[in-house]
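Below: one structure, written as structure tokens.
What follows is calculated from the coordinates using simple rules that are stated; it is not laboratory data. Since the model is a prediction, treat every value here as computed from it, not as a measurement. Cβ: placed from backbone, ideal geometry, glycine included. Neighbour counts: every protein chain shown.
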């Protein structure tokens, strides 16, 4: 019989899925604003723009509320785990995939750090686009280049993340860690040898 | 090396590196700094990157165009019922159908298109007619000093002085890059004034009114400059 160990707390899962929900609403509305074919087909640019903007404003607020209402200490501990790389993490990044990993492997830590940075930059550049329409002092010719570039960076991160979480046979077992919260003890021992589940 | 016993895990300071925050902070700093260099770098590399990207993913904004609109639906062009009218301070108002428009002297030009939000499309091939060839037959009166361009996309409209409309590269365009103007680009007729930002380049043009002076158009009423010179208006280059 398979034994399961807890990998992600309820707060961690709520944080992840809140982020995913807001990201997909922003992606869908952003694509309508960005792609000429969708813009011509859908129209209603003012409405789509409002949905996109206010979803973007609510995004960091929603994440903050999840953290405040949930286990913030636990989340801070998660952030610390993502921050700290030990020698095995560096060896893992250098291609030694057998280097024993903690609850997060080095690639997952990098993905989390980059995703957080992209989120911050999306919010900052999005706010600047909005404010720049209202105040010429906040209008920069490169804001739209940054926001577009972030879109491509986010798509690349998302594609890699979805591939590993849903398709890749060796790693897709991890998906249940983010849905029901647990992964098999055997899988954890193999992929995250240094992690000691409580 | 792999077989040597590893040192005890993780407790020396050198073995606990804050790489995560380093990656986060470097990415945020790089992104924020790109507000200063992003467009300059992108305009150098876009010539090589954009055609490849568009070939791989054909729905990407071709050569950098974005389609902006203000109404719920983009106007639809019907060649049978479409008319361009010239009204206002004129001796004889006129109404052109699409065939009559295409029968006017054709001019072609290649010019860049700059949006006030920061994107630029270089080397757009336009074909169309000069403003003077359209309004001339209506015999503008002496008191007319400006043109009011009214779009079929209600409530979009904008103004140019007669002097601005006489600039050598101002065009009423019905073709773009060798094809009739597409719906998103203002079919069948749009104003093109390359020296001003895109919001002055009224799409879905259906009426030109001769008026005594320039007033606020759609975007000017929201705080944008009436004289939208590229690089020296709307907060740029000032």
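Scaled to the compact-protein estimate 2.2 N^0.38 Å, what is the alpha-carbon radius of gyration of region A:114-198, rounded to two decimal places?
Ratio of Cα Rg to 2.2 N^0.38 Å: 1.62.
For helix A:143-162, report the angle its Cα long axis makes with the longest principal axis of the Cα atoms of chain A; keep it between 0 and 90° and round to the nearest 10°.
Taking Cα atoms only, the helix is inclined about 30 degrees.
Counting only the backbone N, which residues of region B:88-103 are under 19 Å from the spot 7 Å out from the Cα of residue B:80 toward its beta-carbon?
So the set is B:96-101.
Give me the orientation-averaged projected area of the Cα convex hull of the protein assembly as shown, in nm², one decimal. Kindly include the intermediate steps, with their values, before the conclusion.
Working: hull surface 105.5 nm².
One quarter of the hull surface, i.e. the mean projection, equals 26.4 nm².
Where q = 0.12, 0.15 Å⁻¹, what log10 of I(q)/I(0) comes from the Debye formula for chain B, counting one point per Cα?
Results for chain B at q = 0.12, 0.15 Å⁻¹ read -0.74, -1.08.
Expressed as a rounded percentage, what relative contact order does chain B have, with Cα pairs under 8 Å and six or more residues apart?
Details: 377 pairs, mean separation 43.9, N = 238.
With pairs under 8 Å counted, the relative contact order is 18 percent.
Roughly how many whole Å is it from the C-alpha centroid of region B:138-217 to that of region B:30-109?
13
Cα centroid distance between region A:110-162 and region A:30-67, in Å?
Each part reduced to its Cα centre gives a spacing of 13 Å.
Based solely on its DSSP helices, what 222 nm [θ] is calculated for chain B when runs of n ≥ 4 H residues each add -39,500 (n - 2.57) and the sum is averaged over all residues, nearest 500 deg cm²/dmol? Don't skip to the answer; put the middle values down first.
Numbers: 4 runs with 53 residues, N = 238.
Taking each H run of at least 4 residues, the total per residue is -7000 deg cm²/dmol.
Mind checking the angle between helix A:72-83 and chain A's longest principal axis? C-alpha axes, 0 to 90 degrees, to the nearest 10.
The angle comes out at about 80 degrees.
Got the relative contact order for region A:114-198 handy, in percent, Cα pairs under 8 Å and 6 or more residues apart?
Value for region A:114-198: 18 percent.
For the Cα atoms of chain B, what angle does the longest principal axis make with the long axis of helix B:19-56, in degrees from 0 to 90, nearest 10?
Result, in degrees: 50.
What is the extension gain from residue A:138 to residue A:46, computed as 0.36 nm multiplied by their sequence separation minus the C-alpha to C-alpha distance, in nm to one decimal?
Extending this stretch completely gives an extra 31.0 nm.
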